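Written out below as structure tokens is the structure these notes cover.
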Amino acid sequence: MKAIVIHQHGSPEVLKFEDAPVPAIRANEVLVRVRACALNHLDLWVRRGLPNVAIPLPHIPGSDISGEIAEIGADVTTVRAGQKVVLAPGVSCGKCAACIAGLDNRCRKFSNLGYIIDGGDAEFVRCPEVNCLPYPENLSFEEAASVPLVFQTAWHMLITRAQLQPGEDVLILGAGSGVGSAAIQIAAMFGARIIATAGNEAKLEKARQLGAHHLVNHKTQKISDEVRRITGKKGVEVVIEHVGTATWDQSIASLAPAGRLVTCGATTGYDAKIDLRFLFSRQLSLLGSYMGTKAELSSVMKLVASGHLRPVLDRTFPLAECADAHRYLEAGEQFGKVVLVV
Ligand code: ZN
């Protein structure tokens with residue numbers, strides 16, 4: 001099969017479009033003919049290499065996959081060959097206390113397709129039967145692949161971790177990102193008042209169309225000043241962070257008393273400071289969030305199939321042009337998902 005293979009970490013040039021063996025499936029697995037695979041910032045980290053994370057090489061990246069089932073293992077009973085599928089990205093042991101409780105993103109062996117194990121930047125990928133989700137027939141393969149990781153992440157952040165309540169004010173950073181564009185839609189559905197940030201007017205207009213009530217251009221305006229102005233000095237109850245060093249201080253300064261900041265990433269850097277006097281006297285909560293559970297993703301997929309949530313697709317690239325797709329994502333000009341068509 002044709003695949004994008006990494007033999008060493010580095011710049012986009014390490015993404016080689018070449019022949020690779022079709023994966024051999026186990027009894028509880030399916031082989032999927034990939035039709036589309038969306039990029040995430042995770043792909044960039046995997047390609048560059050992460051300190052303290054050993055990714056076995058050679059490696060095939062790609063976490064958000066849609067396609068058709070080509071072959072099923074001997075023990076597979078819930079799906080059949082030829083069926084269209086979207087794959088849940090998370091793979092866990094399925095046996096530990098966390099997995100049995102349905103908290104598979106807390107499993108010590110949790111990974112994503114395309115992270116520690118091979119992913120979907122290829123004509124075929126193998127995955128456990130339990131990762132096969134019903135296909136939302138209202139979506140193209142490219143749109144379907146745009147859903148899983150960012151929507152389950154945004155759901156886990158807003159609903160499970162921050163426990164967003166109707167009528168609360170929420171600040172969503174980076175409206176043009178996959179997580180940002182998903183979070184705006186989920187927060188709007190839960191009746192929050194949304195302040196969204198982006199770096200240009202075109203992105204802000206798209207954020208407004210998705211449901212944002214107030215817009216902040218982070219290139220020309222100071223986020224925390226605007227939040228104070230919009231909320232009458234109160235601040236927001238919830239901040240959705242994934243930017244890291246570049247926005248951290250303003251995110252903290254934007255919180256209302258007893259506000260909750262939830263973070264799922266640090267695309268501009270890991271280093272952040274917190275003034276402990278603010279943390280305790282304002283009774284702030286700092287929450288970490290990592291991916292989401294399969295149950296949360298099932299909820300999301302139902303809302304996508306019914307049209308309440310919709311994937312935001314920026315543009316597609318052919319699989320062979322994966323390196324260009326990485327460069328495009330790194331440049332940060334997109335609004336929504338960048339998808340490889342296989
Ligand atoms: Zn487990």
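Points worth noting:
- When exposed loop sites are taken as GluC sites (Glu not before Pro) in a DSSP loop with at most 16 other Cβ atoms within 10 Å, the longest stretch of the chain clear of them is 138-332.
- Modelled label positions at D75 and V22, each set 7 Å beyond Cα in the direction of Cβ, lie 2.3 nm from each other.
- Counted charge near S289, where neighbours are those whose Cβ lies closer than 15 Å (Asp, Glu -1; Lys, Arg +1): 0
- The range 278-338 and the range 17-60 have Cα centres separated by 18 Å.
- Principal-axis tilt of helix 201-210 within the chain, Cα atoms, nearest 10 degrees: 80
- With the convex hull of its Cα atoms as the shape, the chain has an orientation-averaged projected area of 16.5 nm².
- Under 14 Å, Cβ to Cβ, from E13 - net charge with Lys/Arg +1 and Asp/Glu -1: 0
- Degrees separating the helix 294-305 axis from the principal Cα axis of the chain, which is the longest one: 90
- Most fluctuating residue given options V22, V147, V32, as computed from a GNM of the chain linking Cα atoms under 10 Å: V22
- Cα centroid separation, the range 212-255 to the range 149-178 (Å): 14
- For the chain, the per residue solvent-accessible surface stands at 43 Å², with DNA, RNA and ligands left out and a 1.4 Å probe.
- Relative contact order for the chain: 19 percent, from Cα pairs under 8 Å spaced at least 6 residues apart, divided by residue count.
- Across the cross-link table entries K84/K302; K95/K294; K2/K109, which are compared at the Cα atoms, the separations over 21 Å belong to K2/K109.
- When the chain is treated as a GNM with alpha-carbon contacts under 10 Å, the residue of I230, I69, I172 showing the greatest mean-square fluctuation is I230.
- Straight-distance crosslink candidates among lysines, where the alpha carbon sits under 20 Å from K273 and sequence neighbours closer than 8 are dropped: K222
- Residue among I184, I60, I159 with the largest mean-square fluctuation in a Gaussian network model of the chain, springs linking Cα atoms under 10 Å: I159
- Residue-averaged 222 nm ellipticity for the chain, from DSSP H runs of 4+ at -39500 (n - 2.57), nearest 500: -7000 deg cm²/dmol
The values are calculated or read from the model by the stated rules, or taken from the named source; none is laboratory data. Since the structure is predicted, the reported quantities are computational estimates derived from the model, not experimental observations. Using ideal geometry, Cβ is built from the backbone for each residue, glycine included, and neighbour counts are taken over all protein chains shown. Ligands, DNA and RNA are excluded from the accessible area calculation, which covers all protein heavy atoms including side chains. Shrake-Rupley method; radii C 1.70, N 1.55, O 1.52, S 1.80 Å.
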